[in-house]
Amino acid sequence: MEPFVQLEGVVAPLDAVNVDTDMIIPAIYLKSIERTGFGPHLFDRYRYNEDGSENPDFILNQEAYRSSRILVSGPNFGCGSSREHAPWALEDYGIRCVIAPSFADIFFNNCFKNGLLPLTLPEPDVRRIMDKAKDNPGFQITVDLEAKQVRDGEEEIVVDFEVDEFRRYCLLNGLDDIGLTLQHEDAISAFEARQA
Amino acid sequence: MAARTMFEKIWDAHVVHEEPGQPSLIYIDLHLVHEVTSPQAFDGLRMAGRKVRRPDLTVATADHNTPTWELTRPIEDQISKAQLDALDRNAAEFELPFYYDRFSENQGIVHVIGPDLGYTLPGKTVVCGDSHTSTHGALGCFAVGIGTSEVEHVLATQTLRQFKPRTMEIRVDGDLPNGVSAKDVILGIIGHIGVNGGTGHVIEYTGEAIRALSMDGRMTVCNMSIEGGARAGMIAPDDTTFDYVRTRPYAPKGAELEASIEEWRGLTTDSGAAYDRTVVINANDLAPFVTWGTKPDMVAQITDRVPDPASFGTTAEREAAERALEYMGLEPNQRIEDIRIDRVFLGACTNARIDDLRAAANVIRGRQVNSDVYAMVVPGSARVKAEAEAEGLDQVFKDAGFDWRVAGCSMCLGMNPDILDPGQRCASTSNRNFEGRQGKGGRTHLVSPEMAAAAAIAGHFVDVREF
């Protein structure tokens, strides 16, 4: 897993509440048996018209936001299914951080397993970043996981944040969960022996 | 020992390792696997040279991609077929003893077969790469949906790393009024708490109305816990649960089972145990519900009207309601009963069990599906299908003009050939009414099996209490 230390990039404002996993990637695209290649289908139903052409109104189709690495959105982002294809699609597109006032549990968890940071910020801070990104297409921020801070170049926006320390440690170091767990092989075997 | 909730008892009994500031390592008793969220997990094992630690605790089936047409007809979608073939290969390579492919008599929706076959039992920890794993909590176990990385983690270690969720009691007091089903209970609850009302929590459903539900009804309630944002839903096991388990083919039997039942009686929440939150609902306030929007908390009683977005308190709610009405092709203040439908889908892990089929059949017996409606029944498993056929329910549905299909997830999420056309409106017994969930541009209204059946006959939504 690629470590996440500092991420600098364009912010795409997706100003909606309850962005669900079917919006992020519809079920019809979950048939691949690979982990990659989902980026072209990210927000498929909104990015493309009936005939497959790009919908120019969708935020990621506007030139200034095309190369966004950070998405800012409303509360309960990622609600719905457990599909890890949702973070895979975001990552494959190039987005490594989603900022929102709250996240659905399974999506939140899935992000950390894939080197993505789902960053929960207070609603007023999310709103300020959202408005700035809307008013200034191409607006960039730095998400500094090491310093636990979000800031823009002019330092008009400087927000300190909290992330669970264990998850932060794993992201910073790009750690594989299974490897960590297998360090407790003895405890697992002892549990199984008690159960048998 | 301090008084504990049912969830805490099950959690405590499964902790393998704990360290301050870290997620706990929890042992998993049952891992359910399906074709969509597992191929990348098996690939991960292969690349790392790892095995499945406990094939004997792993049950796999094919459900999401499987066509619901007759089994002799081949799969036409080659990408779906490749995903199903991958599960065949992985089950063989990793030597999974309990794999039910699409031709098996035990095949079906993973959340239908787990309890029905007797794999899901009280007190267990259950996971599956599917958010509706919450269904299994109806038997008094802790059951959570996980992502593919966690599927790989469980395959390799038979454990899951989890921060301990908070607990939430949802108590439904009183007796359910006539014509109000388990589906209406959970739609009413979600309408009350909202789509993120349960985030970070495990819900325990309590109260007389819950106790009075059959096991199939309890599964309907727990199934949609995730639609309220909860990690899991659960209901304390009681004699209804034990009677159900006694008739399951792969559950323990005889003295062994009776000894387990005595232990399971101790799983209930101790008096004096504290939940982090409690919500109380009066059963008398519940009625048959219909969703009008594109999130499961956008619900109205059948006798109500579509809300006016202007009536919502916040700008975000107003905009979400406006967008939902536009997508759904509805007008503010339109009577719910005046909404005409094109399709009826009776199926999904929410409502495709035998009780659901019986309830719907009772509504349509001797009547005809409206000529403007195409209606289909997709039983939740091959066993449910066989049971229904033995009772003659298939004939009741066919006589009324319903299409009688082969088991699978089907039009709940449209990964198989069963999808809505753009603009089509469907009365569906599934669990999600998200935009495009049942097919691009499709419009989904979530209802109970009884309400779906009545709508099929009438051609529009209708109050099943007066039907």
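Listed by position, the helices (runs of 4 or more DSSP H) enclosed by the range B:120-220 that each have at least 2 residues that are crowded, with 24+ Cβ neighbours inside 10 Å and charged (D, E, K, R) are B:148-157, B:182-193. For the range B:144-162, filtered to residues that are within 20 Å of the chain's Cα centre (by Cα) and under 19 Å from A:CYS79 (Cβ atoms), the residue that is farthest from the other protein chains (Cβ to nearest Cβ) is B:VAL144. All conditions but one from (1) surrounded by 15 or more Cβ atoms within 10 Å (Cβ to Cβ); (2) in contact (Cβ under 8 Å) with a residue 40 or more places away in the chain apply to A:ILE157; the one that does not is (2).
One line per residue, one yes/no per condition, for (1) touching a helix residue (DSSP H, G or I) at 6+ places or on another chain (Cβ under 6 Å); (2) more than 27 Å from B:PHE163 (Cα to Cα):
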residue: B:ILE189; (1), (2): no, no
residue: B:HIS201; (1), (2): no, no
residue: B:THR206; (1), (2): no, no
residue: B:LEU213; (1), (2): yes, yes
residue: B:ARG218; (1), (2): yes, no
residue: B:GLU262; (1), (2): no, yes
residue: B:VAL280; (1), (2): no, no
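Scanning the range B:368-383 for residues that are in contact with an Asp or Glu (Cβ under 9 Å, 6 or more places away or on another chain) and surrounded by fewer than 24 Cβ atoms within 10 Å (Cβ to Cβ) yields a total of 7. Inspection of the range A:120-134 identifies at least one residue that is within 30 Å of A:ILE28 (Cα to Cα) and either surrounded by fewer than 24 Cβ atoms within 10 Å (Cβ to Cβ) or touching a Ser or Thr at 6+ places or on another chain (Cβ under 9 Å) (or both). Taken over the range B:284-301, the criterion of being more than 14 Å from chain A (Cβ to nearest Cβ), part of a strand (DSSP E or B) and within 20 Å of the chain's Cα centre (by Cα) is satisfied by B:PHE289, B:VAL290, B:VAL299. Only residues that are farther than 12 Å from B:LYS9 by Cα and hydrophobic (A, V, I, L, M, F, W, C) were counted across the range B:255-277, and they come to 5.
Sort out which residues of the range B:309-321 are surrounded by fewer than 14 Cβ atoms within 10 Å (Cβ to Cβ), away from chain A (no Cβ under 11 Å) and not hydrophobic (A, V, I, L, M, F, W, C), and write them in order of number. Passing the criteria: B:SER311, B:GLY313. Does B:VAL59 satisfy the condition of being outside any loop (DSSP other than H, G, I, E, B), surrounded by 20 or more Cβ atoms within 10 Å (Cβ to Cβ), away from every other protein chain (no Cβ under 11 Å) and among the β-branched types (Val, Ile, Thr)? So B:VAL59 fits the description; yes. Of the strands (runs of 3 or more DSSP E) lying entirely inside the range A:93-177, those containing at least 2 residues that are β-branched (Val, Ile, Thr) are A:97-100, A:140-144, A:158-160. Do we have B:ALA274 as surrounded by fewer than 20 Cβ atoms within 10 Å (Cβ to Cβ) and modelled with pLDDT of 95 or more here? Yes: the conditions hold for B:ALA274.
In the range B:25-43, the qualifying residues are those that are facing chain A (nearest Cβ under 8 Å) and under 24 Å from B:PRO165 (Cβ atoms), and the one that is surrounded by the most Cβ atoms within 10 Å (Cβ to Cβ) is B:THR37.
Among the residues here, B:GLY118 does not qualify as within 13 Å of chain A (Cβ to nearest Cβ), over 26 Å from A:ILE33 (Cβ atoms), at pLDDT 95 or above and in contact with a Pro (Cβ under 9 Å, 6 or more places away or on another chain). When the residues of the range A:1-35 are filtered to those that are among the β-branched types (Val, Ile, Thr) and assigned to a strand (DSSP E or B), which remaining residue is farthest from A:ALA133 (Cα to Cα)? Out of the qualifying residues, it is A:VAL10. The set of residues from the range B:220-241 being away from every other protein chain (no Cβ under 14 Å) and either among the basic types (Lys, Arg) or out of contact with any Asp or Glu (no Cβ under 9 Å at 6 or more places or on another chain) (or both) comprises B:VAL221, B:CYS222, B:PRO237, B:ASP238, B:ASP239, B:THR240, B:THR241.
Among the residues of the range B:240-252, are any in a helix (DSSP H, G or I), within 22 Å of B:TYR205 (Cβ to Cβ) and among the basic types (Lys, Arg)? Checked the range B:240-252: no residue is in a helix (DSSP H, G or I), within 22 Å of B:TYR205 (Cβ to Cβ) and among the basic types (Lys, Arg).
At least 3 residues being away from chain A (no Cβ under 14 Å) is the threshold, and among the strands (runs of 3 or more DSSP E) wholly inside the range B:354-467 those reaching it are B:374-377, B:425-428. Would you mind stating whether B:ARG46 is at the interface with chain A (Cβ under 8 Å from one of its Cβ atoms) and farther than 26 Å from B:GLY233 by Cα? Here the answer is no, as B:ARG46 does not meet what is asked. Could you tell me whether any residue of the range A:69-76 is surrounded by fewer than 22 Cβ atoms within 10 Å (Cβ to Cβ), more than 9 Å from every other protein chain (Cβ to nearest Cβ) and in contact with a Gly (Cβ under 7 Å, 6 or more places away or on another chain)? Yes, because at least one residue in the range A:69-76 is surrounded by fewer than 22 Cβ atoms within 10 Å (Cβ to Cβ), more than 9 Å from every other protein chain (Cβ to nearest Cβ) and in contact with a Gly (Cβ under 7 Å, 6 or more places away or on another chain). Selection of the range A:10-36 for residues being facing chain B (nearest Cβ under 9 Å) and polar (S, T, N, Q) yields A:ASN18, A:THR21, A:SER32. Selection within the range A:167-193: residues that are in contact with a helix residue (DSSP H, G or I) (Cβ under 7 Å, 6 or more places away or on another chain) and farther than 12 Å from A:MET1 by Cβ. The member of this set that is surrounded by the fewest Cβ atoms within 10 Å (Cβ to Cβ) is A:LEU182.
Take B:LEU176 and decide whether it is among the aliphatic types (A, V, I, L, M) and either within 12 Å of chain A (Cβ to nearest Cβ) or more than 19 Å from B:GLU208 (Cβ to Cβ) (or both). It is false that B:LEU176 is among the aliphatic types (A, V, I, L, M) and either within 12 Å of chain A (Cβ to nearest Cβ) or more than 19 Å from B:GLU208 (Cβ to Cβ) (or both). Every condition in (1) of a type outside the set (S, T, N, Q); (2) buried (at least 22 other Cβ atoms within 10 Å of the Cβ); (3) more than 8 Å from chain B (Cβ to nearest Cβ) holds for A:GLY39 except the one numbered (2). Of the residues making up the range A:54-77, those that are over 18 Å from A:ASN18 (Cα atoms) and among the aromatic types (Phe, Trp, Tyr) number 1.
The values are calculated or read from the model by the stated rules, or taken from the named source; none is laboratory data. This one's a predicted model, so the numbers in the text were calculated from it and none came from an experiment. A quick note on method: Cβ atoms are made from the backbone with ideal geometry, for glycine too, and the neighbour counts reach across all protein chains shown.
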